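Q: Below: one structure in structure tokens.
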Amino acid sequence: MCGVTYYFFSPVFHGYTQTEVARARTSLYPWAYQPPEGVEPNVSDQSVLTYPWQVLLQGALESGDFPLWNPYSFAGQPFFSNGQNGFLYPPRLLLSLAATPTKVHDWLLISHMLLGGFTMFLLLSDVRLSFGASLFGGVAWMLNSFMFGWMTMECFISVEAWMPLAFLLMGRAVTRRSWSSTMWLGLVLALMFFGTQVLFIECAFTVIAGYGACVAWRESRVASQGLSRDSIRPIAGRLVALAAPFLIAIGLVAIQFIPTWVTGQAVDRSACTYDELVGFAVPPENLVTFFFLSGDSIDVNNTMMFLGTPAAILALVGFWRRHPLVAYSRVMGIVVLLVVTGTPLLWVFYKFMFGLGHLKPLGRLLFLFDFAVALLAAFGMDWVLDRLSRATRIIPREWWRRTLRMFVTATMIAIVVFQMYPVSMWLDKYERDSDESLYPTTPLIEALSKSKDSRMLPLDLAFFGATPVIFKVQSGGGRDSVVPVRIGKLWRAAQDATPNVAFERSPIWGFSTLFTIESAFDLFPRLGVTELVVPPIGPTESGIIPPVENLKEISPSEAALNPVIGDWDGDGFDAAGLCDLQTNTFNLWGLPSADDSPLTFQFGTIGQGWLPLVGDWDGDHIDTVGMYDPATSTFHLRNSNSSGLDDIVIQYGNPAHGLIPLAGAWSRAGADSVGLYDPKESVFHLRGGLGPGPTGETKLRCSIGFHFEHPGG
């Protein structure tokens, strides 16, 4: 098994890493132009979600923080309780303390594939299969196509590694009423929970509990002797042995289970209706991939039922063996196929299995089918080796008979390895383990990272998914399957969704923001957005995405325009505007024009880092622009939306404090005034008017001051 694992992951031992980041960055700005229209970008959850999360986890460990919150996606979202980052999974924690994020990923995959084969070997040996049959079953399970299709996401690997051991311990706990097996099983179940996605763990726990119940029923002999005082005690003991591991596991994982459950109750994601779920069924014609899988037929959601042709044939042989584990595997495999292909049995599970409406496409259940096939194939192999032993009794030397059985076993394993290797290469890509294969820091990223108070909003495919997490850049964008409803609906509204659309039924897929130039710019200042990041116009006429090194970097002042909002014509309705901070050029929409073009003009001193603001400075119900000079804490206000000199100049506040300029009608006098917010002290300083203060001094004192803090501190 070690040799097989090395063969499949040999690139990792020669300076490569199993990652999809290198492909993703060829279509994501600021590392490349966006792809041509109609061409799907090369992004995956590993490249824009799992890898950034691992960087965040390791950063938290290095700083001694507990990552309850992710401040870099959706302007802040729950992180620890999202049910899929695996922060408390011990193997991940240990690797994170000693390796880079890419190596953590690689060694999680390597160790869990090997561990899955080894635990399956232990399970099959425990039910008295021959060494060759147990070895074949272990290899078949460790190389199942579902593992190759889903291991990059890391959400399945703990099931791959620990589920065979859970079956072994469940059998021992129930049949022997062994408390040591019960305790160890509780620990294994906890490991599975910490390391995988909630929906995968629900399915795995269901089949493990089902196996325990079947074993308990068989051992109790209720059907043959009926209930009596003598039979109740062993029945009760086995029921306790069945339930106790799950109670132990719940106690061990409560620290994560409870917040995950609470977050999941208010997630901005709807379960599929039954009719919708049927639409995600595996097409019946895909069942042929059980026997053979080629590159042109690979579909990670619908064809991951291949464990090699020998495993498929031997599973059909083992299907007819008489053994409790065979009987359970037989039923499990058939039930899974009937469910994933959308037969009426799906309706039963849809009604009674919590969360099944979220598990789509239904091909995600095929890991249970692969598990059943690996077990049945091992029993089939055991039958073949047993018949071979009987047929070769005429050979006088036991050594020759043993060698022949080993040769048959090795041949079957070799065919499986030969067939599964191309599958792994089709599904899993390797790149050089260097910074060039990851997301490099660009001048744009450096500029965005300078201020901790900045929050960008990426348009189109700029900074897609959770990639800003890598560089600790706050973003209004993001991607996640578990986003609280208040966050999801907020950003759907910011994507220019009407209130009816934003607050209608939540989407059935994980939430991913994709802002365009039509987004609701009037909301951005209220959401703390300070920069818009817009990819440059592209790609080339040939449709070829230019390489990263040929891209022209642009600064935030060029790419991130500052949004403004105001009632430019006094009609009582606000309209959007943009200010180019490099040239102090305003573009205001919503005013009458022949071609709906914006009103464009310049105001303020260029190149001094002035910040725009908007208000009705003279009380005529028409909003006009202003500029704030942070260096001198001076407001320069204009009473018309046009180029020219400032009409009002007010120095207010201490420039050393890094205050943020505000505008509003604080005194209800009919005209807006200015204000300042001190982020260090959480204090608002709001000026009651634009005239001279009570003392007539040039430097006006604060009229109103108050604290505002988040209830959480």
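The values are calculated or read from the model by the stated rules, or taken from the named source; none is laboratory data. The model shown is predicted, which means the values in this text are computed figures rather than measured ones. Don't worry about glycine lacking a Cβ; one is built from the backbone with ideal geometry, like all the others, and counts go over all protein chains shown. We work out accessible area using only protein heavy atoms, side chains counted, and drop any ligands, DNA or RNA first. Shrake-Rupley method; radii C 1.70, N 1.55, O 1.52, S 1.80 Å.
Q: Which of (1) hydroxyl-bearing (Ser, Thr, Tyr); (2) crowded, with 23+ Cβ neighbours inside 10 Å; (3) under 27 Å from the mean Cα position of the chain (by Cα) is the odd one out, the single condition THR341 does not satisfy?
A: (2)
Q: Name the residue, out of LEU68, LEU57, that is in contact with a helix residue (DSSP H, G or I) (Cβ under 7 Å, 6 or more places away or on another chain), on the phi < 0 side of the Ramachandran plot and open to solvent by less than 10 Å² (accessible area, probe 1.4 Å).
A: Values: LEU68 fails: open to solvent by less than 10 Å² (accessible area, probe 1.4 Å).
Result of the check over LEU68, LEU57: LEU57.
Q: Let me ask another. Among the residues that make up the stretch 216-225, is at least one of them among the aliphatic types (A, V, I, L, M), surrounded by fewer than 19 Cβ atoms within 10 Å (Cβ to Cβ), at pLDDT 90 or above and part of a helix (DSSP H, G or I)? Quick ask: steps written out before the conclusion?
A: Our first condition is that a residue be among the aliphatic types (A, V, I, L, M); within the stretch 216-225, this holds for 216, 222-223.
When the remaining residues are screened for being surrounded by fewer than 19 Cβ atoms within 10 Å (Cβ to Cβ), the result is 222-223.
Subset that is at pLDDT 90 or above: none.
No: zero hits.
Q: Do we find a residue being of a type in the set (A, V, I, L, M, F, W, C), open to solvent by less than 20 Å² (accessible area, probe 1.4 Å) and at pLDDT below 85 anywhere in the stretch 29-45?
A: To start, the set of residues in the stretch 29-45 that are of a type in the set (A, V, I, L, M, F, W, C) comprises 31-32, 39, 43.
Next cut, open to solvent by less than 20 Å² (accessible area, probe 1.4 Å) only: 31-32.
From what is left, the residues that are at pLDDT below 85 are 31-32.
Within the stretch 29-45, one or more residues are of a type in the set (A, V, I, L, M, F, W, C), open to solvent by less than 20 Å² (accessible area, probe 1.4 Å) and at pLDDT below 85.
Q: One residue is enough: does the stretch 270-283 have a residue meeting the conditions touching a His at 6+ places or on another chain (Cβ under 7 Å) and at pLDDT below 95? Step through it out loud before you land on a result.
A: If we filter the stretch 270-283 for residues that are touching a His at 6+ places or on another chain (Cβ under 7 Å), which is where we start, we get 271.
Those left that are additionally at pLDDT below 95: 271.
Yes, because at least one residue in the stretch 270-283 is touching a His at 6+ places or on another chain (Cβ under 7 Å) and at pLDDT below 95.
Q: Could you please let me know if GLY333 is closer than 30 Å to GLY279 by Cβ and surrounded by fewer than 20 Cβ atoms within 10 Å (Cβ to Cβ)? Break it down into steps so the answer makes sense when it comes.
A: Values: closer than 30 Å to GLY279 by Cβ: yes; surrounded by fewer than 20 Cβ atoms within 10 Å (Cβ to Cβ): no.
Criteria not met by GLY333.
Q: Would you be able to say whether some residue in the stretch 387-410 is more than 24 Å from THR309 (Cα to Cα) and touching a residue at least 12 places away in the same chain (Cβ under 8 Å)? Let's see the steps before the verdict.
A: Residues of the stretch 387-410 that are more than 24 Å from THR309 (Cα to Cα), as a first pass: 390-402.
This time we only want the ones that are touching a residue at least 12 places away in the same chain (Cβ under 8 Å), so: 392, 401.
Yes: the stretch 387-410 contains one or more residues that are more than 24 Å from THR309 (Cα to Cα) and touching a residue at least 12 places away in the same chain (Cβ under 8 Å).
Q: Criterion first (touching a Ser or Thr at 6+ places or on another chain (Cβ under 6 Å), closer than 22 Å to PRO440 by Cα and modelled with pLDDT of 90 or more) does GLN58 satisfy it?
A: Yes: the conditions hold for GLN58.
Q: Out of (1) assigned to a helix (DSSP H, G or I); (2) modelled with pLDDT of 90 or more; (3) surrounded by fewer than 19 Cβ atoms within 10 Å (Cβ to Cβ), the odd one out for ARG321 is which?
A: Checking ARG321 against (1) assigned to a helix (DSSP H, G or I); (2) modelled with pLDDT of 90 or more; (3) surrounded by fewer than 19 Cβ atoms within 10 Å (Cβ to Cβ), the one that fails is (1).
Q: Look through the stretch 473-490, keep the residues that are within 24 Å of ILE660 (Cα to Cα) and more than 17 Å from the chain's Cα centre (by Cα), and return whichever of them is least open to solvent (accessible area, probe 1.4 Å). Don't jump to the end; show me each part of the working.
A: Applying the first criterion (within 24 Å of ILE660 (Cα to Cα)) to the stretch 473-490 yields 473-477, 490.
Those left that are additionally more than 17 Å from the chain's Cα centre (by Cα): 473-474, 490.
Numbers: VAL473: 6, GLN474: 44, LEU490: 73 Å².
The qualifying residue least open to solvent (accessible area, probe 1.4 Å) is VAL473.
Q: I've got another one for you. Go through SER130, SER96 for me and flag whichever is open to solvent by 30 Å² or more (accessible area, probe 1.4 Å) and farther than 18 Å from ASP370 by Cβ. Show your work before the answer.
A: On the way: SER96 fails: open to solvent by 30 Å² or more (accessible area, probe 1.4 Å).
Criteria check complete, one pass: SER130.
Q: Looking at the stretch 97-148, which of its residues are of a type in the set (D, E, K, R), part of a helix (DSSP H, G or I) and out of contact with any strand residue (DSSP E or B) (no Cβ under 8 Å at 6 or more places or on another chain)? Walk me through how you get there before you give the answer.
A: Going residue by residue through the stretch 97-148, those that are of a type in the set (D, E, K, R) are 103, 106, 126, 128.
Right, trim to part of a helix (DSSP H, G or I) and you get 103, 106, 126.
Of everything in the stretch 97-148, just one residue is of a type in the set (D, E, K, R), part of a helix (DSSP H, G or I) and out of contact with any strand residue (DSSP E or B) (no Cβ under 8 Å at 6 or more places or on another chain), namely ASP126.
Q: OK, next. Listed residues ILE487, ILE508, ILE445, ILE517; which is modelled with pLDDT of 85 or more and at negative phi? Quick ask: steps written out before the conclusion?
A: Values: ILE487 fails: modelled with pLDDT of 85 or more; ILE508 fails: modelled with pLDDT of 85 or more; ILE517 fails: modelled with pLDDT of 85 or more.
Within the list ILE487, ILE508, ILE445, ILE517, the selection yields ILE445.
Q: So, in the stretch 440-471, how many residues would count as being crowded, with 24+ Cβ neighbours inside 10 Å and in a loop (DSSP other than H, G, I, E, B)?
A: 4
Q: Could I ask something else about it? Restricting to the stretch 313-357, count the residues that are touching a residue at least 12 places away in the same chain (Cβ under 8 Å) and basic (Lys, Arg).
A: First, the residues of the stretch 313-357 that are touching a residue at least 12 places away in the same chain (Cβ under 8 Å): 313-319, 321, 323-330, 332-333, 336-337, 339-342, 346-347, 350, 353-357.
Remaining after also requiring basic (Lys, Arg): 321, 330.
Within the stretch 313-357, residues that are touching a residue at least 12 places away in the same chain (Cβ under 8 Å) and basic (Lys, Arg) number 2.
Q: Please verify whether ASP275 is open to solvent by 30 Å² or more (accessible area, probe 1.4 Å), under 28 Å from the mean Cα position of the chain (by Cα), more than 30 Å from PRO484 (Cα to Cα) and not hydroxyl-bearing (Ser, Thr, Tyr), treating the condition exactly as stated. Reasoning before the result, please.
A: Details: open to solvent by 30 Å² or more (accessible area, probe 1.4 Å): yes; under 28 Å from the mean Cα position of the chain (by Cα): yes; more than 30 Å from PRO484 (Cα to Cα): no; not hydroxyl-bearing (Ser, Thr, Tyr): yes.
In short, no.
Q: Among the candidates ALA173, ALA161, ALA140, which residue alone is touching a residue at least 12 places away in the same chain (Cβ under 8 Å) and either open to solvent by 30 Å² or more (accessible area, probe 1.4 Å) or more than 29 Å from TYR16 (Cα to Cα) (or both)? It would help to see each step written out before you state the result.
A: Numbers: ALA161 fails: either open to solvent by 30 Å² or more (accessible area, probe 1.4 Å) or more than 29 Å from TYR16 (Cα to Cα) (or both); ALA140 fails: either open to solvent by 30 Å² or more (accessible area, probe 1.4 Å) or more than 29 Å from TYR16 (Cα to Cα) (or both).
Answer to the selection: ALA173.
Q: Right, something else. Counting just the residues of the stretch 149-194 that are closer than 26 Å to VAL300 by Cα, in a helix (DSSP H, G or I) and at pLDDT below 90, which one comes out farthest from the chain's Cα centre (by Cα)?
A: Among residues in the stretch 149-194 that are closer than 26 Å to VAL300 by Cα, in a helix (DSSP H, G or I) and at pLDDT below 90, the one farthest from the chain's Cα centre (by Cα) is GLY149.
Q: Determine which member of the set LEU115, LEU199, LEU124 is modelled with pLDDT of 95 or more, aliphatic (A, V, I, L, M) and open to solvent by 10 Å² or more (accessible area, probe 1.4 Å). It would help to see each step written out before you state the result.
A: Working: LEU199 fails: modelled with pLDDT of 95 or more; LEU124 fails: open to solvent by 10 Å² or more (accessible area, probe 1.4 Å).
Only one candidate qualifies: LEU115.
Q: Of everything in the stretch 61-87, what is in contact with a Ser or Thr (Cβ under 6 Å, 6 or more places away or on another chain) and farther than 23 Å from ALA266 by Cα? Give them in sequence order.
A: Hit for the stretch 61-87 is LEU61, nothing else.
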